[in-house]
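What follows is a single structure, written as structure tokens, with notes after it.
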Amino acid sequence: MRVEVHPAEHWADVVAAELAATLGRPGGARVCLATGSTPAPVYRRVPAALAALGLDAGASIVVLLDEYVGLPPDDPARCDAQLRSQLIERLHPPPAFVPIPVDDLPPAAAAAALDRVAAAGLDLAIVGLGLNGHVGMNEPGSAPSAPTRVVEIAPITSRVAVERYGATAAPTAGVTLGIDRLLGAAELWLVVSGAAKADMLRAVLEQPPDSARPASFLRRHPRLRVIADEPAARLLADRSPTRA
Ligand code: GLP
């Protein structure tokens with residue numbers, strides 16, 4: 001595991017530049033992306049970062065990490081809507097986008113479709129950290145072998161969907177990529193920003209891995225990169241700018 005800490009004012013630029021380099025790779029990359037407030041400022045910076053590198057994302061494939069079940073297609077909290085407006089629609093040419101087909105298929109079949117896409121291989125997965133230690137919608141109680149599946153959403157996650165992302169109804173279920181597939185991605189980045197995540201980030205990185213904090217299982221990935229801003233990293237034992 002490598003922990004990288006950046007000043008809050010540069011954090012999103014650093015992550016955007018690295019994501020742009022991956023999306024612009026010759027031949028493209030297969031990238032699984034989270035939504036939510038953490039990566040939103042990163043995604044907004046990717047078009048400029050691609051332009052600065054003289055690259056485009058047209059050959060890449062972006063796979064959605066998770067999706068609510070039961071929210072209408074035009075709900076502002078929908079993960080596919082967030083990723084389209086924050087990233088996909090800002091890229092010219094756009095990457096191929098693979099949402100989770102929760103409107104067209106029963107939830108279990110939508111999960112199976114997502115799993116097939118991930119099983120074909122992911123060059124990179126970027127995930128955020130839930131306030132309760134979840135990753136994707138792998139809520140507390142998830143095992144390290146948790147597969148891609150239909151899940152019940154924890155009450156705090158449901159509240160966040162309404163209060164922070166503007167969901168028109170409180171979601172109670174979702175479809176998420178499993179921890180097993182995240183651990184199988186060639187590269188895995190856990191991106192964390194803001195002081196509100198500091199306690200959980202410390203627990204995830206410094207306490208023994210535990211299903212009470214599913215993100216702690218990401219430490220099993222051979223090349224996990226934790227990319228945090230200084231407010232999120234402020235409680236870590238070693239806060240030097242970059243440490244392996
Ligand atoms: C949400 C999403 C995750 C996201 C996490 C953190 O519920 N299901 O994909 O990474 O919680 O969200 P935020 O970055 O808004 O704190």
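Annotations
- Meeting the requirement of 1 or more residues that are within 16 Å of the ligand (Cβ to nearest atom), the strands (runs of 3 or more DSSP E) wholly within the stretch 1-102 are 30-33, 61-64, 66-69, 96-98.
- Checked against (1) out of contact with any helix residue (DSSP H, G or I) (no Cβ under 7 Å at 6 or more places or on another chain); (2) more than 15 Å from the ligand (Cβ to nearest atom), VAL162 passes all but a single condition, namely (2).
- The lone exception for LEU235 - which of (1) out of contact with any helix residue (DSSP H, G or I) (no Cβ under 6 Å at 6 or more places or on another chain); (2) in a loop (DSSP other than H, G, I, E, B) it fails: (1)
- Condition met for PRO209 (more than 15 Å from the chain's Cα centre (by Cα), surrounded by fewer than 19 Cβ atoms within 10 Å (Cβ to Cβ) and touching a residue at least 60 places away in the same chain (Cβ under 8 Å)): yes
- Any pair with Cβ under 6 angstrom, 6 or more apart, that starts in the stretch 4-33 at a residue that is modelled with pLDDT under 95 and ends at one that is among the small types (Gly, Ala, Ser) and outside any helix (DSSP H, G or I): none
- Selection within the stretch 111-142 - more than 13 Å from the ligand (Cβ to nearest atom) and within 18 Å of SER216 (Cβ to Cβ): GLY141
- Among the residues listed as ARG213, ARG234, ARG239, ARG219, the single one being closer than 17 Å to ARG2 by Cβ, basic (Lys, Arg) and modelled with pLDDT of 95 or more: ARG219
- Taking (1) in contact with a helix residue (DSSP H, G or I) (Cβ under 6 Å, 6 or more places away or on another chain); (2) under 15 Å from VAL31 (Cβ atoms) in turn, LEU83 satisfies each apart from (1).
- Tally of residues being assigned to a loop (DSSP other than H, G, I, E, B), farther than 29 Å from ALA228 by Cβ and in contact (Cβ under 8 Å) with a residue 24 or more places away in the chain across the stretch 103-140: 2
The values are calculated or read from the model by the stated rules, or taken from the named source; none is laboratory data. On a predicted model such as this, the values are computed, not experimentally measured, just so you know. Every residue, glycine as well, gets a Cβ built from its backbone with ideal geometry; the counts of neighbours run over all protein chains shown.
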